[in-house]
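Everything below concerns the one structure shown next.
The values are calculated or read from the model by the stated rules, or taken from the named source; none is laboratory data. Values in this document were obtained by computation on a predicted structure and should not be read as measured data. Don't worry about glycine lacking a Cβ; one is built from the backbone with ideal geometry, like all the others, and counts go over all protein chains shown.
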């Protein structure tokens with residue numbers, strides 16, 4: 001049996017395993033380790049994010065993250081926006097998202113610094129099996145005062161039930177690297 005025949009059979013099996021499609025209705029709790037590369041500062045924090053499907057092709061999303069960094073620096077990140085998603089195959093979804101981004105850094109002795117801007121990212125979700133989803137994409141953010149940053153991200157989600165999944169992800173940009181452990185609760189399509 002040729003490799004292309006085996007690959008086609010695996011794709012068909014995976015397609016039937018994920019025939020119900022991808023779910024864009026979820027709430028997610030994150031624990032993230034963050035490293036700001038330019039100033040050699042790192043830390044960790046917790047975040048809450050979610051997505052809600054307006055219709056089969058469009059979703060809205062939002063996220064909040066609070067982190068404690070070295071030197072008693074507190075960081076707050078907010079994002080909210082709208083996304084378009086489309087099925088490329090029964091096991092692959094592509095999406096594009098536009099977001100408003102906000103960051104606030106509170107430093108002892110130097111005061112507070114905040115900035116806002118627009119973000120854009122494109123990515124793919126791949127159902128490797130009925131329980132395993134892989135995702136990857138490229139993200140760009142342009143802040144008013146701090147300049148811009150481009151990076152990529154990749155992750156995996158393991159569904160324990162139809163309503164609960166655990167995930168691992170990483171993101172690597174010009175200025176920031178982050179590694180995230182997450183718990184996701186789906187609330188229906």
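Summary of values
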read-out: Within segment 155-164, tally of residues that are part of a strand (DSSP E or B) and free of Cβ contacts under 8 Å to residues at least 24 places away in the same chain; value: 1
read-out: Every residue from segment 24-61 that is closer than 22 Å to residue 150 by Cβ and at pLDDT 95 or above; value: 30, 32, 33, 47, 49, 61
read-out: All positions within segment 107-136 that are closer than 22 Å to residue 96 by Cβ and free of Cβ contacts under 8 Å to residues at least 40 places away in the same chain; value: 116, 117, 118, 120, 121, 122, 123, 124, 126, 134, 135, 136
read-out: Selection within segment 62-82 - buried (at least 18 other Cβ atoms within 10 Å of the Cβ) and free of Cβ contacts under 8 Å to residues at least 40 places away in the same chain; value: 63, 65, 67, 69, 73, 77, 81
